[in-house]
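These notes concern the structure reproduced below.
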Amino acid sequence: MTTTPDSALILVKYPKEEASIIEILHDIQLAHRHIPKDALSAIAAHTDVPLSRVYGVATFYGAFSFEPKGETVVKCCMGTACHVRGAGRNLEDIEARLGIKSGQTTADGKFSLESVNCVGACGIAPVVTVNSKVLPKFKMTDFDKILGEGEK
Amino acid sequence: MKILINGRAVTAFKGETVLTAARRAGVEIPTLCHHEAVEDSGACRMCMVEIREAGWDEDRTKLVTACLFPVEEGLSVQTDSPEVRRTRKEILELLLARSPEAEAVRVLAAKYGVESSPYPDREDAELPNCILCGICTRVCQALVTGAITMSERGPNKIVGPPFGEAADACIGCMACASSCPTNAIPVEDTGTTRTIWGRTFDLVPCAICGAPTGTREQIDWLAKKTGRAAADFEICVACKTKATGEVWHRISW
Amino acid sequence: MKVASLKEFEVLRADAKAAQEKIRKKILVCCGTGCLAAGSGKVAAALRAELVRKGLDVDVGLKMNETGCRGLCELGPLVTFEPSGIFYKGVKASDVAEIVEKTIEGDEVIQRLLYRDKASKQRVETYEEIPFYKSQTRWALRNVGLMAPKDITEYIGRGGFAALAKVLSTMTPEEVLAEVETAKLRGRGGGGFDAGRKWRSCVNAKGDERYLVCNGDEGDPGAFMDRTIMEGDPYGVIEGMVIAAYAIGATAGFIYVRQEYPLAVQHLNTAIEKMRDLGLLGKKILGTEFCFDIKIARGGGAFVCGESSALMRSIEGKVGEPRAKYIHGTEKGLYDKPTVLGNVETFINVPLILEKGGAWFASTGTERSKGTKAFSLVGKVQNTGLVEVPMGTSLREIIFDIGGGVPKGRTFKAVQTGGPSGGCLPASHLDTRVDFDTLTEAGSMMGSGGMVVMDDRTCMVDVARYFTKFLVNESCGKCVPCREGLQQMLRLLTEICEGAGTLRHLEQIENLAHVLKMGSLCALGKSAANPVTSTLRYFRDEYLEHIEEKKCSAGVCRALCRYEIDEEKCTGCTLCTSVCPTACITGEKKTPHEIDQEACIRCGSCFDVCGFNAIRIL
């Protein structure tokens, strides 16, 4: 069971109890763009919870993934306001142009595409986010903005 | 206290559930995810009953799961009302579509007039008979080593060890498989080995007659847990009974 | 510098208030998510730079605030001025120099940046004259969009923590409870349970430790009121929590924020730190014996964690599986201790109630629903954004007077409230006076406040399918009716939308709705069939059209519609060709165009842009 230096630094910030599990997973996901498999054992040891339960938590919640995300994560909001304003069409178009389906990452690791739950920006629906940038009232002609952000 | 079950006054004790009081009074309530050894979860919904609490209007009732609902003064319970029967039937229709070959489900479904599900059978399931009652994981977590768990959520929920891979924590005791109501967990016992959850264990032979007892890991775990010598567990149930004159119960196969 | 006594706090307050009064002109640049996305960050930066360049940044009479969401997201970036109320929309960084010269240094108004009323075609100078704002009563949103969210001094100068000081210096916990009970404040998260009653049952529960939890999970798609409040008025939320904690005797509190809201987490964390520094959180608050502290817990990305028992499990580090509520959370909640769990909007109302009295609060609203409600008015409506109105305001007023009605000349079809637990109400219900019970009686529910407007280009069967699909993925999977029943429901609805529906599908849907409602373990499952049952109730004809005629008149279900160009109406303007994603429309300029039915994916883009009504949905 190996713990990367980053993960060890994260663990030490949190109390050694079950309640720390989700917070630790968030920090690791942010630091590594995914949850490395052996991080789970480290979390289990730190919080004194069986590995299986830590695994259960990591797989229950949508925020955590075992597969590394691409450098640029494109999220297409599928909330209700976005849905009625054409999010479905936007997603198809982005899938076609990136060459991947939602939930996948391009072979070169540059782009990941996700269809996500409402991001809470319904006033500017339909919304597409590119890493932390929010693209308002997204139209299919805005696709280049995604590529532009990706290049930054 | 006294509560009413199907119109009959029945003794109940503070802190217990409707299910406990009902079973003690000889009233049958079907269950699938209930197991005496572990806490109830209320997952299968089969034990739904129709209740009226003290002070409620004549026509006000509520459906609750008997396995979790605490008894209270003035409670009135119907275990077989039309609403209860309809809901149980609908649940069984759903379970039968999920696990059409699960014997326990088929038998119960037949009792409610469901010979086959109106919904299409689930296909390509990894554990076809698993109804996600959770008994196995509750047993393993509470009583053994916590090697298996429920992972994912919703339609992808599945039982097993982390990553679906052989787990270090598993001791091959089969408490999960033997407590499963639908025999959903595959186990391969060859007499000298046991394969479960992707791991093959050696079975330790009885020191007296040579019949298989438990796995090495299981015996060592029992020894550690009880503070007794491992040798105490390397005797099969039959030989132990003969040797001590006492009745020994199998904890697992 | 900790404030060691209530007396010291009064001095601090007087100073902060005096500083506010010195300001003759406030410039409020909305930096809520909507405006930020439209570029308000650049506007704010340009504005600061220009003020510095002109030496105006040292003028204490001039204050620029980057605020939380101003509400009218459709028209951002928004810049407002106080006290004049001048309201600029669609502001760009390139407008900044002119704004500083004309409106800040001078008192002139820049016409092109003003809101133009659609009906009268007139420009409107102040936001109070804009219908969107005129009809609102902003109580929960009283500070949002008006102050810099993290500025504790400004919060205090605006009257913040006055309620807390009043509570700690003059009221017993019982008196606070009584005031909240008098207010008849009902939970704003969706359940609508009487808050006073909930707090009292927690007080009555046996136990030495009590917890207070604020639900900032806001999982309903289409709702962003709580996000806006947490980002724009974090001190208000926390003040409400401290008062509640005092009333119920809690020493520890949590704010559970969904992970999609990192800015809210940031603002709340800053607010907590600053309050601790001042002695408004932690041990001996404001020098009294009362101790209370708060931690933020981030959600893991699960809608079901908006359910109170699942939320508590999540704070405990477990999977978010709800428990049966036979024993209430107020008796055995977080870590099995008595717990009060309330929504963000519920807590933001608390300081107001304690400041002005429960009777004052209860004088607004309807018989059974007091106070106001914030709604996210979104979808097919002209003015999308955040609105707050007194309970009892009609749907018509909200959607048409405040929202400006349905844009692009389309017709109103339905309004969806209550998120995935709610339902769709048709035009015949537009005069429903919005409150918890009227909406439930009509077959929908208030929910957390998401209000999605739908027009004739929305297919109601598709809407039911959309919500069911959402719930299938969000179900925790513990209980059979929800986990298995929703999957079957989705399959049936999908088959209907793909042209394979039969009347038997409707029969099975009704059975599934029954087992979901009667058999599910938690509120997610119990209300999961609402989108289907409400659309079946009011739009059954659409279901029948899909099933019997294999047709989708809204032009949404691709297998059940066709887009055709009417040769007689088409002018050959080529607008449709330019938006068609599959390039399946052919035709010379100024001659009628044609859609290749093989290549057409029924996206409807052509229909949406055609200015000649030349495209038919068949």
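The values are calculated or read from the model by the stated rules, or taken from the named source; none is laboratory data. The shown structure was predicted, so the numbers you read here are calculated from the model rather than taken from an experiment. Neighbour counts are summed over all protein chains in view; Cβ atoms, including those assigned to glycine, are modelled from backbone coordinates with ideal geometry.
Scan the range C:318-344 for residues that are over 22 Å from B:Thr17 (Cβ atoms), crowded, with 23+ Cβ neighbours inside 10 Å and either without any contact (Cβ under 8 Å) to a residue 60 or more places away in the chain or within 14 Å of chain A (Cβ to nearest Cβ) (or both) and the total you get is 4. Could you tell me whether any residue of the range A:27-50 is surrounded by 23 or more Cβ atoms within 10 Å (Cβ to Cβ), more than 10 Å from every other protein chain (Cβ to nearest Cβ), assigned to a helix (DSSP H, G or I) and without any contact (Cβ under 8 Å) to a residue 24 or more places away in the chain? Among the residues of the range A:27-50, at least one is surrounded by 23 or more Cβ atoms within 10 Å (Cβ to Cβ), more than 10 Å from every other protein chain (Cβ to nearest Cβ), assigned to a helix (DSSP H, G or I) and without any contact (Cβ under 8 Å) to a residue 24 or more places away in the chain, which makes the answer yes. Checked against (1) under 17 Å from the mean Cα position of the chain (by Cα); (2) at pLDDT below 95; (3) within 13 Å of chain C (Cβ to nearest Cβ); (4) part of a loop (DSSP other than H, G, I, E, B), A:Thr129 meets all criteria but (4). Quick check on C:Glu441: is it at pLDDT 95 or above and surrounded by fewer than 18 Cβ atoms within 10 Å (Cβ to Cβ)? Considered against the rule, which asks whether it is at pLDDT 95 or above and surrounded by fewer than 18 Cβ atoms within 10 Å (Cβ to Cβ), C:Glu441 comes out as no.
Inclusion of C:Val91 among residues that are in contact with a helix residue (DSSP H, G or I) (Cβ under 8 Å, 6 or more places away or on another chain), within 30 Å of C:Gly240 (Cβ to Cβ) and part of a loop (DSSP other than H, G, I, E, B) is not warranted. Once the range C:15-38 is narrowed to residues that are within 14 Å of chain A (Cβ to nearest Cβ) and either of a type in the set (A, V, I, L, M, F, W, C) or in a strand (DSSP E or B) (or both), the residue that is farthest from C:Ala264 (Cα to Cα) is C:Ala38. You will find that of C:Ala247, C:Ala195, C:Ala271, C:Ala297, the residue that is among the hydrophobic types (A, V, I, L, M, F, W, C) and either modelled with pLDDT under 95 or more than 23 Å from the chain's Cα centre (by Cα) (or both) is C:Ala247 and no other. Looking only at the range A:106-126, which residues are more than 8 Å from every other protein chain (Cβ to nearest Cβ), buried (at least 22 other Cβ atoms within 10 Å of the Cβ) and in contact with a Ser or Thr (Cβ under 8 Å, 6 or more places away or on another chain)? Those that are more than 8 Å from every other protein chain (Cβ to nearest Cβ), buried (at least 22 other Cβ atoms within 10 Å of the Cβ) and in contact with a Ser or Thr (Cβ under 8 Å, 6 or more places away or on another chain): A:Phe111, A:Ser112, A:Leu113. Show me the helices (runs of 4 or more DSSP H) entirely contained within the range B:74-192 in which 3 or more residues are closer than 30 Å to A:Leu40 by Cα. In the range B:74-192, B:135-143, B:175-179 are the helices (runs of 4 or more DSSP H) which contain 3 or more residues that are closer than 30 Å to A:Leu40 by Cα.
Here's the yes/no breakdown for (1) more than 14 Å from every other protein chain (Cβ to nearest Cβ); (2) more than 29 Å from C:Arg491 (Cα to Cα); (3) under 19 Å from the mean Cα position of the chain (by Cα):
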site	(1), (2), (3)
C:Gly379	no, no, yes
C:Pro390	yes, yes, yes
C:Thr393	yes, yes, yes
C:Gln416	no, no, yes
C:Pro420	no, no, yes
C:Leu430	yes, yes, no
C:Met445	yes, no, yes
C:Met454	no, no, yes
C:Arg457	no, no, no
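Looking at the range C:221-244, can you tell me whether even one residue there is touching an Asp or Glu at 6+ places or on another chain (Cβ under 6 Å), under 30 Å from A:Cys76 (Cα atoms), part of a loop (DSSP other than H, G, I, E, B) and in the same structural domain as C:Gly333 (by TED's automatic domain parsing)? For the range C:221-244, residues touching an Asp or Glu at 6+ places or on another chain (Cβ under 6 Å), under 30 Å from A:Cys76 (Cα atoms), part of a loop (DSSP other than H, G, I, E, B) and in the same structural domain as C:Gly333 (by TED's automatic domain parsing): absent. Taking strands (runs of 3 or more DSSP E) as the structural unit, those lying wholly within the range C:405-490 and holding at least 3 residues that are without any contact (Cβ under 8 Å) to a residue 60 or more places away in the chain correspond to C:412-417.
Here the range B:120-140 is the region considered, the condition is being surrounded by fewer than 20 Cβ atoms within 10 Å (Cβ to Cβ) and within 13 Å of chain C (Cβ to nearest Cβ), and the residue that is farthest from the chain's Cα centre (by Cα) is B:Pro120. The residue of the range C:564-618 that is nearest to the other protein chains (Cβ to nearest Cβ), among those that are in a helix (DSSP H, G or I), touching a Cys at 6+ places or on another chain (Cβ under 9 Å) and hydroxyl-bearing (Ser, Thr, Tyr), is C:Ser605.
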